[in-house]
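*Asks:* Take a look at this one; I'll ask things after.
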Amino acid sequence: MSEAATLIARLEALLDGLPSEPTLEAVALYVEARAPIAVQLAALEPESMSASERLALGPRLVRVLERDRPLLQALFERHLQIGEQLRGISRARTAARGYGGRAESSRLLRKTA
């Protein structure tokens, strides 16, 4: 088995190891595990493989990528949701600090009146 075939087999095994309805935590672990494999696969020179091997591995890689895409999309969407929630918290904290300063100045006004 060539290095490319081995790497694709490892990606397939990672995907097969996910539950049918994976949690975002499971997807995050999958992405972490697949990253070095993807880097190794991208570093391979296609010219180092025979044409028949490239033809055989191409559809397998496409299937891996098709299975991979919705998982990564779900993880990315959750990332965006968390970012929006953090921005909301930041805006609320800024507003609370602003109101807190106003409350302090109104107390000072009441004391001097």
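*Asks:* Subtract the Cα-Cα distance of LEU55 and ALA74 from 0.36 nm times their separation in residues, and report this length gain in nm to one decimal.
*Replies:* On the way: separation 19, 0.36 × 19 = 6.84 nm, distance 3.03 nm.
Extending this stretch completely gives an extra 3.8 nm.
*Asks:* Follow-up question, since we're still on this one. Taking Cα atoms, how many degrees apart are the long axis of helix 51-112 and the longest axis of the chain, rounded to 10 and kept between 0 and 90?
*Replies:* So the helix axis and the longest Cα principal axis differ by about 10 degrees.
*Asks:* Still on this structure, please answer the following. Which FRET efficiency, nearest 0.05, do GLN85 and ALA13 yield, Cβ-Cβ r, R0 35 Å?
*Replies:* Working: r = 34 Å, r/R0 = 0.98.
Rounded to the nearest 0.05, the efficiency is 0.55.
*Asks:* Please determine, in degrees from 0 to 90 and to the nearest 10, the orientation of helix 3-16 with respect to the longest principal axis defined by the Cα atoms of the chain, where the helix direction is its Cα long axis.
*Replies:* Compared with the principal axis, the helix lies near 50 degrees.
*Asks:* While we're on this one: Read through the labelled values [x] 102; [y] 126; [z] 213 and report the label of the one computed as volume of the Cα convex hull per residue in Å³ from the structure.
*Replies:* Matching the structure shown: [y].
*Asks:* Next question. Helix 24-43: angle to the longest alpha-carbon principal axis of the chain, degrees 0 to 90, nearest 10?
*Replies:* So the inclination is approximately 50 degrees.
*Asks:* Taking H as built 1.01 Å from N, whose amide H comes closer than 5 Å to the amide H of LEU18, not counting residues under 5 places away?
*Replies:* none
*Asks:* Defining a contact as two alpha carbons under 8 Å apart and six or more residues distant in sequence, what relative contact order in percent does the stretch 3-112 show? It would help to have the intermediate numbers written out before the result.
*Replies:* Working: 35 pairs, mean separation 36.9, N = 110.
Relative contact order, the stretch 3-112: 34 percent.
We did not get these values from a lab; they are worked out from the coordinates using the rules stated. Only a predicted model underlies this, so the values are computations on that prediction, with no experimental measurement involved. Cβ sites come from the backbone with ideal geometry, for glycine too, and all protein chains shown count toward neighbours.
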